[in-house]
1. Which of the trypsin sites (Lys or Arg not before Pro) found in region 8-45 are loop residues per DSSP with 16 or fewer other Cβ atoms within 10 Å of their Cβ?
2. Show me, for region 38-44, the HN-Hα J-couplings you get by feeding each phi into the Karplus relation (A = 6.51, B = -1.76, C = 1.60, θ = phi - 60°), rounded to Hz, glycine and proline as x.
3. Over region 37-85, what percent of the accessible surface lies on carbon and sulfur atoms, probe 1.4 Å?
4. From Cα pairs below 8 angstrom and at least 6 apart in sequence, can you work out the relative contact order of the chain, rounded to a whole percent?
5. Of Ala49, Ala33, Ala60, which is the most mobile in a GNM of the chain whose springs link Cα atoms less than 10 angstrom apart?
6. Excluding Leu20 itself, calculate the net charge of residues whose Cβ lies under 15 Å from the Cβ of Leu20, where each Lys or Arg counts +1 and each Asp or Glu counts -1.
7. What do you get for Rg/Rh over region 24-67 if you use C-alpha atoms and the Kirkwood form of Rh?
8. Per residue, how many Å² of accessible area does the chain show with a 1.4 Å probe?
Amino acid sequence: QVQLVESGGGLVQAGGSLRLSCAASGSIFSNNAMGWYRQAPGKQRELVATITNNGSTNYANSVKGRFTIARGNAKNTVSLQMNNLKPADTAVYYCNLHAWVFDYWGRGTQVTVSS
């Protein structure tokens with residue numbers, strides 16, 4: 001069974017920074033992609049950023065230039081550095097691991113940006 005555990009998040013003022021981390025454990029295909037999605041109240045879950053195991057990245061237009069996704073040194077770990085945060089970034093952030101046809105999700109961590 002694959003488990004994803006997120007850490008980080010919290011409350012920050014607009015213009016501030018936060019860092020999210022995620023570690024996956026269990027039986028995981030080596031060829032995978034990890035990423036972050038977010039869901040604001042009343043809205044659908046949306047992609048924030050993804051990174052493959054060879055380092056290819058993809059970002060939502062709304063976070064390009066402000067957020068950076070990176071793989072950790074430990075296997076199947078990923079971080080999201082979020083700078084210049086805006087109130088519109090307020091959401092629950094979910095870690096995702098996609099391997100073959102499977103998608104695994106963390107429980108989510110709240111990010112709140114005050115104006």
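1. Numbers: sites: Arg19, Arg38, Lys43, Arg45; in loops: Lys43, Arg45.
For trypsin sites (Lys or Arg not before Pro) across region 8-45 that sit outside H, G, I, E and B with at most 16 neighbouring Cβ atoms in 10 Å, the list reads Lys43, Arg45.
2. So the J values, rounded to whole Hz, are 9, 9, 8, x, x, 10, 7.
3. Details: 1210 of 2800 Å².
Answer for region 37-85: carbon and sulfur cover 43 percent of the accessible area.
4. Numbers: 283 pairs, mean separation 41.8, N = 115.
Relative contact order for the chain comes out at 36 percent.
5. Ala60
6. Values: positive: Arg19, Arg38, Arg66, Arg71, Arg107; negative: Glu6, Asp89.
Around Leu20, the surrounding residues sum to +3.
7. Details: Rg = 12.6 Å, Rh = 12.0 Å.
Here Rg/Rh amounts to 1.05.
8. Details: 6370 Å² over 115 residues.
Result: 55 Å² of accessible area for each residue.
The values are calculated or read from the model by the stated rules, or taken from the named source; none is laboratory data. None of the values given here were measured: they were computed from a predicted structure. Glycine also receives a Cβ, built like all others from the backbone with ideal geometry; neighbour counts cover every protein chain displayed. The area values use the complete protein model at the heavy-atom level, side chains included, leaving out ligands, DNA and RNA. Shrake-Rupley method; radii C 1.70, N 1.55, O 1.52, S 1.80 Å.
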